[in-house]
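*Asks:* Pasting a structure below so you can have a look.
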Amino acid sequence: MSGQGNVVLEVRDLHKSFGHLNVLNGINLKIEKGETIVIIGPSGGGKSTFLRCINHLEDYQKGEIIFLGQKIDRHTTNLNEIRTKIGMVFQHFNLFPHMSVLENLILAPTKVKKIPEKEAIEKAKKILERVGLIEKIEAYPDNLSGGQKQRVAIARALMMEPVLMLFDEPTSALDPELVGEVLEVMKDLARSGMTMIVVTHEMGFAKEVADRIIFIDKGVIVEEGTPDEIMKNPKNQRTKEFLRHIL
Ligand code: ADP
Ligand code: MG
């Protein structure tokens, strides 16, 4: 077991509501360097809100979020710096449509991190090789398939050398035949030691690379365990029912 020094993110008793709607009701999670955590659960259960709280796209009412030893809340003054270390990939790719793949990749590193353009381009080429899209470097998003767009979105996140990657249903908007190529890139990333939290119902992916699966329903962690524990022998009735629907 690794010590406290390897903790990337710790969430303690996180509560989040929108007006009178309680969305997160006491979430606790600790993730160490190199771990991959898969979050599953019914629609509306608070999965996206949880990810959005982590990089403070949403404020919260109670609890603590500690990233690399630093508390993230409304008082955090270096949020932009923290966000460069947390890569986020959404269901809808959010690429800039008027920019080429290369321009999409080098924008944040050159503007936010002030990396020289030449260096950023070299880095972009390496990362595009890694996600299998070097031949699309000059292409525009409109001319890419959904799977290619999502691989570009992952590449763009990697350009910032994040310490933690958050994925919010990255393959759920894709045609079935394009899901595999995106999952392959994510598996490669997980195996290379990236720390990742992935909201997905792709249980094959979870089985292959997740250290833990967390089932969230109605804003609480109902059950968590290894893929084997959760998929073969779920203990909670709600987990059982949910898995029956998706497997
Ligand atoms: P999931 O990702 O698990 O489907 P979400 O986190 O998107 O769940 O949503 C959890 C609940 O919070 C839902 O009831 C949703 O309607 C509500 N919600 C999400 N975002 C907002 C918002 N900005 N304002 C009000 N309610 C929201
Ligand atoms: Mg969601």
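Each row is one residue, and each column tells you yes or no for (1) within 16 Å of ligand 1 (Cβ to nearest atom); (2) part of a helix (DSSP H, G or I); (3) among the acidic types (Asp, Glu).
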residue	(1), (2), (3)
34	no, no, no
45	yes, no, no
58	yes, no, yes
75	no, no, no
87	no, no, no
99	no, no, no
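*Asks:* Sticking with this one: When segment 15-51 is examined, which residues are found to be in contact with a Gly (Cβ under 7 Å, 6 or more places away or on another chain) and either more than 16 Å from ligand 2 (Cβ to nearest atom) or β-branched (Val, Ile, Thr) (or both)?
*Replies:* 15, 22, 23, 25, 34
*Asks:* Another question, if that's okay. Quick one: what pairs do we get from segment 188-215, first residue closer than 25 Å to residue 92 by Cβ, second crowded, with 23+ Cβ neighbours inside 10 Å and charged (D, E, K, R), C-beta under 7 Å, 6+ apart or different chains?
*Replies:* Sorted first by the residue in segment 188-215, then by its partner, the pairs are 199/47.
*Asks:* Please state which one of 208, 202 is modelled with pLDDT of 95 or more, within 16 Å of ligand 1 (Cβ to nearest atom) and touching a helix residue (DSSP H, G or I) at 6+ places or on another chain (Cβ under 8 Å).
*Replies:* 202
*Asks:* Restrict the check to segment 4-18 and report whether at least one residue is hydrophobic (A, V, I, L, M, F, W, C), surrounded by 14 or more Cβ atoms within 10 Å (Cβ to Cβ) and more than 19 Å from residue 88 (Cβ to Cβ).
*Replies:* yes
*Asks:* A further question on this structure: When you go through (1) surrounded by 21 or more Cβ atoms within 10 Å (Cβ to Cβ); (2) within 24 Å of residue 56 (Cβ to Cβ) one by one for residue 168, which number turns out not to apply?
*Replies:* Here residue 168 meets the rest and fails (1).
The values are calculated or read from the model by the stated rules, or taken from the named source; none is laboratory data. Source: prediction; values computed, not measured. Ideal geometry is used to build each Cβ from the backbone, glycine not excepted, and the neighbour counts take in all protein chains shown.
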